[in-house]
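Quick notes on the structure that follows.
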Amino acid sequence: MMISTKGRYALRLMIDIASRKQDGSPVTMRQAAAREDLSVKYLEQLGGALVKAGILKSIRGVSGGYLLAKPAEDITAGDVLRATEGSCAPVACLEDGAEACPRRSECVAVNFWRGLDRTIEGYVDGVTLADLVKMG
């Protein structure tokens with residue numbers, strides 16, 4: 001599985017915001033972009049997806065910015081990655097919908113892919129933003 005810049009940058013953004021929650025002030029995308037050396041415009045796009053997923057909230061106005069929508073202990077790396085990347089499945093054949101593989105029910109390798117998917121999901125859902133802040 002290859003995580004794109006969307007997922008990588010979104011995780012950096014969320015860690016940045018989580019690490020500054022002590023004072024309760026919203027973090028602007030300009031501040032986060034400067035600290036993380038990322039594009040403000042790109043972070044704004046990611047912010048929209050994270051707000052839509054319910055893990056980030058936007059505060060409008062002069063003193064506005066972004067805050068975590070829930071405690072860092074309740075947001076996992078998997079939540080962030082799924083909000084920006086979609087599925088974390090290692091292969092498209094495990095995804096439902098239009099991309100579902102018509103051979104999935106008779107595929108000899110599908111159980112391997114399911115096991116790998118469970119391992120990935122278990123790892124990304126087992127690491128919280130609070131853990132990532134402590135690691136940094």
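The values are calculated or read from the model by the stated rules, or taken from the named source; none is laboratory data. Every value quoted in this text rests on a predicted model; they were computed, and no experiment measured them. Positions of Cβ are backbone-derived with ideal geometry, glycine not excepted, and every protein chain shown enters the neighbour counts. What goes into the accessible areas is simple: the full protein's heavy atoms, side chains included, and nothing from ligands, DNA or RNA. Shrake-Rupley method; radii C 1.70, N 1.55, O 1.52, S 1.80 Å.
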- Message: As I understand it, the value is the acute angle between the Cα axis of helix 5-19 and the longest principal axis of the Cα atoms of the chain; what does it come to in degrees, rounded to 10?
- Response: 40
- Asp96 - accessible surface, heavy atoms, 1.4 Å probe, Å² rounded to 10: 130
- Note on the structure: In the chain the cysteines whose Cβ sits 4.7 Å or more from every other Cys Cβ are Cys88, Cys107
- Which of the peptides 29-39, 79-89, 45-55 is most tightly packed, and how do the rest follow, going by the mean number of other Cβ atoms within 10 Å of each residue? 79-89, 45-55, 29-39
- Query: On average over all directions, what projected area in square nanometres does the chain have, based on the convex hull of its Cα atoms?
  - Reply: 9.0
- Send over the per residue convex hull volume for segment 19-84, Cα only, as a whole number of Å³. 90
- Message: Less than 17 Å apart at the alpha-carbon level, and either on another chain or at least 8 residues along: which lysines does that give for Lys70?
- Response: Lys21, Lys52, Lys57
- Task: Please give, to one decimal in nm, the separation of the simple spin-label points placed at Val110 and Arg30, each 7 Å out from Cα toward the Cβ.
- Result: 5.3
